[in-house]
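Visitor: The structure follows.
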Protein chains: 2
Amino acid sequence: MNKKASKEKVMQAAIEMFNMKGFTGSSVRDIANRAGANVALISYYFGSKQGLLEHLMTGFLEGYVSAIEVQCEKLACENGEELVFDRLLKAIWNVMVYQQNNHELARFIHREITLDTTLVRELMASYLAKEKHLYHTLLNAAYEKGEMATRPNEYFVLQLRGMLTMPFLHPQYIREVYHLMPHENHFLDQYFSELCQWVATHFKECVIAVPAPEN
Amino acid sequence: MNKKASKEKVMQAAIEMFNMKGFTGSSVRDIANRAGANVALISYYFGSKQGLLEHLMTGFLEGYVSAIEVQCEKLACENGEELVFDRLLKAIWNVMVYQQNNHELARFIHREITLDTTLVRELMASYLAKEKHLYHTLLNAAYEKGEMATRPNEYFVLQLRGMLTMPFLHPQYIREVYHLMPHENHFLDQYFSELCQWVATHFKECVIAVPAPEN
């Protein structure tokens, strides 16, 4: 097994263990056993269980935030003909797809982030503050361009984010109570479409009717 | 200290410990120490740590579901002149106030419910299935009475519930990233008002304009 493959295997085993027995309930030995690796290798790669946690969390949040950032950058490069509304919907879609592609990790991290730890506070001050800033950038641009009648407040971003993470934090609830399959494409499409309708209520009628660009 | 007071004290200590160190990270001894009670008393009241957890969860969910149920019952008793829209908004408001009044417990339980345990599955099949049913009852009544143009689907209830629990599961995120105070009345009022606007987009214009009754 090459170096990269075994590192990935340790990360995957850690995600599975943390989802089953929680972070405090899983030992480095449990993770090593599950990954078919030895404890020394985990120490070598990540230093400690805490180091492994940090690696997983920052790695996930990097990708999560950049799913939105890409749309902000595209917006900045465009000549102003494209709708900010479409960029916002694309950012939302990207964030959902990113979480679906990493759904085991997403579930663990969204849960972990509800805890009151130093690491969580640091991640909030960096990644999650940036996420909020990126949404505000898109919304402000939409308002300035006259796509929205009023500038949305903090509560809009808060509720948007809540809706975006909910299916990935509560997949079991969705399965057990609604008999829907949160990790299937059909669910994602429907959920996204409902979300878009809500977002659209904040935009002017003329904006919503225009078909979206491809990328 | 009388019997009821000491039982309450143990429950309060357990909630605090579980929020700090998690359920698996807290021992019965930790809880007893914090409550100024002895371990035997906890066994007497709750049987075990698991028994204490079940007691806390079912107690919270009873109150949570009945906050909605009360409005369904009122609707059934009414002569049909009142709007279902108002009953729905009152149910939403009651659920928010109930969670705010029990915000430490709410935070712990909403997090615990993201885990995959037998207890959680049982609670989903009972309380959370009932919660969904109650929302559907209200929405169906609204549709039958012609207050809505289309019958809302499962996704509406799912997103509504996500929005309703979010501030109580993620209070720290709201404080750190938005500098808003999730347990203050001002936050609750604003958050509720944004939520109402979203719910209102599913109702006909003529319904929304009518002022709500008092109880």
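Visitor: Please state, rounded to one decimal and in Å, the Kirkwood hydrodynamic radius that segment A:134-209 gives when every pair of distinct Cα atoms enters the mean of 1/r.
Guide: On the way: mean 1/r = 0.0720 Å⁻¹.
About 13.9 Å, per the Kirkwood formula over Cα pairs.
Visitor: Roughly how crowded by other chains is peptide A:127-137, in terms of the mean Cβ count from those chains within 10 Å of each of its Cβ atoms? Could the numbers behind the result be given before it?
Guide: Values: counts 1, 4, 3, 1, 1, 3, 1, 0, 0, 0, 0.
The shielding value for this peptide is 1.
Visitor: I'd like the accessible area for B:E104: 1.4 Å probe, protein heavy atoms, all chains in place, Å² to the nearest 10.
Guide: About 80 Å², ignoring ligands and nucleic acids.
Visitor: Quick check: the distance between the Cα centres of segment B:15-89 and segment B:107-125, to the nearest angstrom?
Guide: 12
Visitor: Using the crude model of +1 on Lys and Arg Cβ and -1 on Asp and Glu Cβ, and no other charge, please compute the dipole size for the protein assembly as shown relative to its Cα centre, in debye to 20. Could you put the intermediate results ahead of the total?
Guide: Values: 42 positive and 50 negative charges, 363 e Å.
The calculated dipole for the protein assembly as shown is roughly 1740 debye.
Visitor: Along Cα→Cβ at 7 Å, what distances in nm separate the A:H183 label point from those on the other copies, shortest first?
Guide: Label-point separations across copies, in nm and ascending: 3.6.
Visitor: Per residue, how much accessible area does segment B:1-114 have with a 1.4 Å probe, in Å²?
Guide: Values: 5100 Å² over 114 residues.
For segment B:1-114, the solvent-accessible area averages 45 Å² per residue.
Visitor: Right, something else. Counting each DSSP H run of 4 or more residues in chain B as -39500 (n - 2.57), what helix-only mean residue ellipticity at 222 nm follows after dividing by all residues, to the nearest 500 deg cm²/dmol? Kindly include the intermediate steps, with their values, before the conclusion.
Guide: Numbers: 12 runs with 162 residues, N = 215.
My calculation for chain B gives -24000 deg cm²/dmol from helical runs alone.
Visitor: Rounded to a whole number, what % of the accessible area of segment B:40-147 do carbon and sulfur atoms account for, probe 1.4 Å? Could you put the intermediate results ahead of the total?
Guide: On the way: 2250 of 4340 Å².
The value for segment B:40-147 is 52 percent carbon and sulfur by accessible area.
Visitor: Considering Cα pairs under 8 angstrom that are at least six residues apart, work out the relative contact order of segment A:5-149 and quote it in whole percent.
Guide: Values: 104 pairs, mean separation 36.6, N = 145.
Relative contact order here is 25 percent.
Visitor: Calculate the spin-label point distance for B:H179 paired with B:S27, positioning each point 7 Å from the Cα along the beta-carbon direction, and give it in nanometres.
Guide: For B:S27 paired with B:H179, the spin-label model returns 4.4 nm.
Visitor: Quote the total accessible area buried by chains B and A together, excluding ligands, DNA and RNA, probe 1.4 Å, nearest 100 Å².
Guide: On the way: alone 11640 and 11610 Å², together 19030 Å².
About 4200 Å² of accessible surface is lost on pairing.
Visitor: Inside 10 Å of the C-beta atoms of B:146-155, what's the mean count of C-beta atoms belonging to other chains? Write out the running numbers ahead of the final one.
Guide: Values: counts 0, 0, 0, 0, 0, 0, 1, 2, 8, 11.
That average works out to 2.
Visitor: If you line up the long axis of helix B:185-200 against the longest principal axis of chain B, both from Cα atoms, how many degrees apart are they, to the nearest 10?
Guide: Helix B:185-200 and the main axis of chain B meet at about 40 degrees.
Visitor: For the residue pair A:Y143 and A:Q190, what label-to-label distance in nm results when each label sits 7 Å from Cα along the Cα-to-beta-carbon direction?
Guide: Modelled inter-label distance: 3.5 nm.
Visitor: Something else about it: Say R0 is 60 Å: what FRET efficiency, to the nearest 0.05, do A:E205 and A:Q12 get from their beta-carbon distance?
Guide: Numbers: r = 47 Å, r/R0 = 0.78.
Efficiency, rounded to the nearest 0.05: 0.80.
Visitor: Same structure again: Please give the charge dipole size of segment A:98-215, origin at the Cα centre, charges +1 on K and R Cβ atoms and -1 on D and E Cβ atoms. Round to the nearest 20 debye. Spell out each step's value before the answer.
Guide: Numbers: 10 positive and 14 negative charges, 53 e Å.
Dipole of segment A:98-215, to the nearest 20 debye: 260 debye.
Visitor: For B:T118, place a label point 7 Å from Cα along the Cα-to-Cβ direction in every copy; what are the distances to the other copies, in nm, shortest first?
Guide: Spacings between copies for this position, smallest first, are 3.9 nm.
Visitor: Show me the ranking of peptides A:185-192, B:183-190 by mean Cβ neighbours inside 10 Å, starting with the highest. Mind dumping the intermediate values first?
Guide: Values: A:185-192: 15.5, B:183-190: 14.0.
Answer by packing, highest mean first, reads A:185-192, B:183-190.
Visitor: Sticking with this structure for a sec: Can you give me the solvent accessible area of B:E112 with a 1.4 Å probe, rounded to the nearest 10 Å²?
Guide: 20
Visitor: Same structure, new question: Going 7 Å from Cα along the Cα-Cβ axis for the label, what nanometre distances separate A:G47 from the same residue across the other copies?
Guide: Distances between equivalent label points, in nm: 4.4.
Visitor: Also, quick follow-up: Taking A:K145 as the anchor, which lysines have their alpha carbon closer than 26 Å to its alpha carbon, excluding any fewer than eight residues away along the same chain?
Guide: Output for A:K145: A:K74, A:K90, A:K130, A:K132, A:K204.
Visitor: Could you report the accessible area of B:K74 in Å², rounded to 10, computed with a 1.4 Å probe on the protein chains as they sit in the structure?
Guide: Roughly 60 Å² of B:K74 is accessible to a 1.4 Å probe.
Visitor: Run the simple label-point estimate for B:Y44 and B:N101 please: 7 Å along Cα→C-beta, distance reported in nm.
Guide: Result for the modelled spin labels: 2.9 nm.
Visitor: Expected output is a single nm value to one decimal: the length gained when fully extending between B:E54 and B:D116, i.e. 0.36 nm times separation in residues minus the C-alpha distance. What is it?
Guide: Numbers: separation 62, 0.36 × 62 = 22.32 nm, distance 1.48 nm.
That pair, B:E54 and B:D116, stretches by 20.8 nm at full extension.
Visitor: Among the lysines, which fall within straight-line cross-link reach of B:K49, defined as a Cα-Cα distance under 20 Å, with same-chain neighbours fewer than 8 residues apart omitted?
Guide: Straight-distance partners of B:K49: A:K21, B:K3, B:K4, B:K7, B:K9, B:K21.
Visitor: Along the axis that rotates chain A into chain B, which residue of chain A has the nearest beta-carbon, and what is the gap in whole Å?
Guide: Taking Cβ atoms only, the nearest residue and its distance are A:T201, 2.
The values are calculated or read from the model by the stated rules, or taken from the named source; none is laboratory data. Note that the coordinates shown come from a computational prediction; the quantities given were computed from them, not determined experimentally. Positions of Cβ are backbone-derived with ideal geometry, glycine not excepted, and every protein chain shown enters the neighbour counts. Accessible surface is based on the protein model in full, side chains and every heavy atom, while ligands, DNA and RNA are left aside. Shrake-Rupley method; radii C 1.70, N 1.55, O 1.52, S 1.80 Å.
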